[in-house]
1. Taking the stretch 91-101, which residues are crowded, with 16+ Cβ neighbours inside 10 Å and not hydrophobic (A, V, I, L, M, F, W, C)?
2. Which one is surrounded by the most Cβ atoms within 10 Å (Cβ to Cβ) among residues in the stretch 127-145 that are without any contact (Cβ under 8 Å) to a residue 60 or more places away in the chain, touching a Lys or Arg at 6+ places or on another chain (Cβ under 9 Å) and closer than 21 Å to Pro74 by Cβ?
3. Taking the stretch 66-115 on its own, how many of its residues are of a type outside the set (Ser, Thr, Tyr) and closer than 18 Å to Tyr175 by Cβ?
4. Those residues that are among the small types (Gly, Ala, Ser) and touching a Ser or Thr at 6+ places or on another chain (Cβ under 6 Å), I need them from the stretch 59-96; list them, please.
5. So Lys107 clears everything in (1) within 14 Å of the chain's Cα centre (by Cα); (2) over 25 Å from Ile28 (Cβ atoms) except one condition, right? Which one?
6. Report yes if some residue within the stretch 146-165 is in a helix (DSSP H, G or I), within 16 Å of the chain's Cα centre (by Cα) and surrounded by fewer than 19 Cβ atoms within 10 Å (Cβ to Cβ); otherwise report no.
7. Checking the conditions here, which among Lys196, Lys183 is surrounded by 16 or more Cβ atoms within 10 Å (Cβ to Cβ), closer than 14 Å to Ile2 by Cα and out of contact with any Asp or Glu (no Cβ under 8 Å at 6 or more places or on another chain)?
8. Within the stretch 102-119, does at least one residue satisfy the condition of being in contact with a Lys or Arg (Cβ under 6 Å, 6 or more places away or on another chain) and within 20 Å of Ala70 (Cα to Cα)?
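The values are calculated or read from the model by the stated rules, or taken from the named source; none is laboratory data. Here the structure is a predicted model, which means the values were calculated and not measured. Note that we place each Cβ from the backbone using ideal geometry, even for glycine, and neighbour counts take in every protein chain shown.
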Amino acid sequence: MIAIIDYGMGNLRSVSKALEHIGVTCEITDNPETIRQSDGIVLPGVGAFPKAMKELEERGLISLIKEQAASGKPVLGICLGMQLLFEASEEIEFTEGLGLLPGTVRKLPVGRKIPHMGWNALETKQESPLLQGLTGNPYVYYVHSFYADTANDVIVAGSDYGVFVPGVVSKGNIYGAQFHPEKSSDVGLKMLQNFKELVETCSSSQQLT
């Protein structure tokens with residue numbers, strides 16, 4: 001079972017419907033025991049970084065997510081959820097994030113329409129199980145005004161929008177997508193399918209140990 005973290009902000013139903021479409025058993029929840037018993041975690045999100053961190057804190061979810069990430073459980077952040085995985089954000093005011101990935105979330109530079117909304121080609125920088133089976137420069141659907149300023153070895157793929165926007169990031173068992181896989185047609189569904197398989201592999205490995 002994949003737990004979709006509910007902290008009052010995010011496209012929860014569209015994410016759960018996409019996961020259900022590819023055969024994933026999932027639950028939208030903020031219940032600590034349900035999250036602990038899950039095989040994988042999806043952290044979605046739409047809105048402002050400071051409010052999101054406040055909501056996570058008030059629900060006691062910050063330490064829980066860090067605990068689950070440290071256990072080796074696969075975690076996938078989507079859009080704002082991906083940004084929350086980083087150390088901090090400059091949105092509205094400087095706010096500390098979950099610190100699961102190195103880097104700071106910054107505003108997109110002037111010169112392009114903000115928010116960056118619509119389809120953009122994804123340029124692969126390194127191999128990742130999340131992109132397994134995807135070739136060329138597939139198009140994905142973005143809606144965001146901020147991007148992750150992070151280390152090159154964290155960036156799996158990204159898109160040009162006046163600055164190189166990390167579209168897919170990963171480090172160990174932590175994964176993120178700045179765009180919306182659930183709105184990115186077959187490409188997004190394939191990525192979610194790949195995450196499903198990562199979760200299944202990880203769960204099977206833990207059962208054998």
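1. Let us first name the residues in the stretch 91-101 that are crowded, with 16+ Cβ neighbours inside 10 Å, namely 91, 95, 97-98, 100-101.
Once the filter is applied, which keeps residues that are crowded, with 16+ Cβ neighbours inside 10 Å and not hydrophobic (A, V, I, L, M, F, W, C), the stretch 91-101 yields Glu91, Thr95, Gly97.
2. Restricting attention to the stretch 127-145, the residues satisfying the condition of being without any contact (Cβ under 8 Å) to a residue 60 or more places away in the chain are 127-128, 134-142, 145.
Of the ones still in play, those that are also touching a Lys or Arg at 6+ places or on another chain (Cβ under 9 Å) are 134, 138, 140-141, 145.
Checking the rest, the ones that are also closer than 21 Å to Pro74 by Cβ come to 134, 140.
Working: Leu134: 19, Val140: 25.
Across the stretch 127-145, the extreme among qualifying residues is Val140.
3. Kept after step one, since they are of a type outside the set (Ser, Thr, Tyr), are these residues of the stretch 66-115: 66-70, 72-88, 90-94, 96-103, 105-115.
Within this subset, residues satisfying the condition of being closer than 18 Å to Tyr175 by Cβ are 66-70, 72-87, 97-103, 105.
Residues in the stretch 66-115 being of a type outside the set (Ser, Thr, Tyr) and closer than 18 Å to Tyr175 by Cβ: 29 in total.
4. In the first step, residues of the stretch 59-96 are kept if they are among the small types (Gly, Ala, Ser); the result is 60, 63, 69-72, 77, 81, 88-89.
Residues satisfying the conditions are Ala88, Ser89.
5. (1)
6. First pass over the stretch 146-165, keeping only residues in a helix (DSSP H, G or I): 152-154.
Next, only the ones that are within 16 Å of the chain's Cα centre (by Cα) stay: 154.
Adding the requirement that they be surrounded by fewer than 19 Cβ atoms within 10 Å (Cβ to Cβ) leaves none.
Checking the stretch 146-165: not a single residue is in a helix (DSSP H, G or I), within 16 Å of the chain's Cα centre (by Cα) and surrounded by fewer than 19 Cβ atoms within 10 Å (Cβ to Cβ).
7. On the way: Lys183 fails: closer than 14 Å to Ile2 by Cα.
The conditions single out Lys196.
8. Going residue by residue through the stretch 102-119, those that are in contact with a Lys or Arg (Cβ under 6 Å, 6 or more places away or on another chain) are none.
Scanning the stretch 102-119 turns up no residue that is in contact with a Lys or Arg (Cβ under 6 Å, 6 or more places away or on another chain) and within 20 Å of Ala70 (Cα to Cα).
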